[in-house]
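*Asks:* The structure's right below; bear with me while I get my questions together.
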Amino acid sequence: MKNLLNLFIVPAFLFCSFQKKSELALLGDFATEKSVKKADRIMYLFFRTDKDLSGNAKIVLQETKISEGRLKFLPSFDRNEIREGDFVITIIKADGKEAAQQLVKNPLNPELEVYEKEGISRHQASLQNAEFSVRFSYAEDIRSVKIEKATEDGLQLLFTQKL
């Protein structure tokens, strides 16, 4: 009886173990093929901003990086959220249309949280220079980046560069 049980169980285990490996191999090939077909990429833009003697911001694009990956959500903002000093970064396609926009809170006057005995308080710091970065979903037809600063009179163009 014991030999008969071994005769049926051992081949069943062997068959199942080989079957699972072949399914995993097929799934692995499918996942690799899918990633090759749909190459999701993220574009990172790193900026540096300096205040000149008159208080105007000068912006320099320090570095651009493109890496594999996909943004889990697309950053968006409401026009009512824009405060004076904030930067609006716009990515422009080859046809001149806007691909995406992102809001960066005033990098030269960041809001800092201070933990005191009375609780948390917020203070605004004034910096002469600062660095900030943004990330967007990458597309082949992206041609330039534009940065505008929010002022009392509306948006003022500070920076434009081809990518």
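*Asks:* Give the calculated FRET efficiency between GLU63 and ILE120 to the nearest 0.05, with a Förster radius of 25 Å applied to their Cβ-Cβ distance.
*Replies:* In this case the efficiency is close to 0.15.
*Asks:* Of the peptides 97-107, 67-77, how do they stack up when ordered by the mean number of other Cβ atoms within 10 Å, highest first?
*Replies:* 97-107, 67-77
*Asks:* I've got another one for you. Can you send over the carbon and sulfur percentage of the accessible area for the stretch 59-102, probe radius 1.4 Å, protein chains only?
*Replies:* 45 percent
*Asks:* Follow-up question, since we're still on this one. Just to check I understand the Karplus step: with θ = phi - 60° and J = 6.51 cos²θ - 1.76 cosθ + 1.60, what whole-Hz values come out for the stretch 53-60, glycine and proline as x?
*Replies:* Computed from phi, the couplings for the stretch 53-60 are 4, 7, x, 7, 8, 10, 10, 10 Hz.
*Asks:* For a protection proxy built on the mean count of beta-carbon atoms within 10 angstrom, sort 47-53, 80-86 highest first, please.
*Replies:* Ranking the peptides 47-53, 80-86 by packing returns 47-53, 80-86.
*Asks:* Counting only heavy atoms of protein chains, what accessible area per residue, in Å², does the stretch 52-115 have with a probe of 1.4 Å?
*Replies:* I get 70 Å² per residue for this part.
*Asks:* Just the Cα atoms of the stretch 92-159, one point each, no solvent: what log10 I(q)/I(0) does Debye give at q = 0.22, 0.26 Å⁻¹?
*Replies:* -1.06, -1.23
*Asks:* While we're looking at this one, here's another question. So, counting K/R as plus one and D/E as minus one, what does the shell of residues with Cβ under 12 Å around GLN156 add up to?
*Replies:* With Lys, Arg at +1 and Asp, Glu at -1, the neighbours total -3.
*Asks:* In the structure displayed, which of LYS51/LYS93; LYS65/LYS93; LYS117/LYS149; LYS51/LYS117; LYS51/LYS72 lie more than 26 Å apart, Cα to Cα?
*Replies:* In this structure, LYS51/LYS93; LYS117/LYS149; LYS51/LYS117; LYS51/LYS72 exceed 26 Å between Cα atoms.
*Asks:* Could I ask something else about it? Taking amide H positions as placed in the peptide plane 1.01 Å from N, state which residues far from ARG41 in sequence (5 or more) or on other chains have amide H under 5 Å from it.
*Replies:* GLY69, TYR138
The values are calculated or read from the model by the stated rules, or taken from the named source; none is laboratory data. Remember, it's a predicted structure, so these values are computed and weren't measured experimentally. So basically every Cβ, Gly included, is an ideal-geometry build from the backbone, and we count neighbours across all protein chains shown. Just the protein is used for accessible areas: all its heavy atoms, side chains included, with ligands, DNA and RNA removed. Shrake-Rupley method; radii C 1.70, N 1.55, O 1.52, S 1.80 Å.
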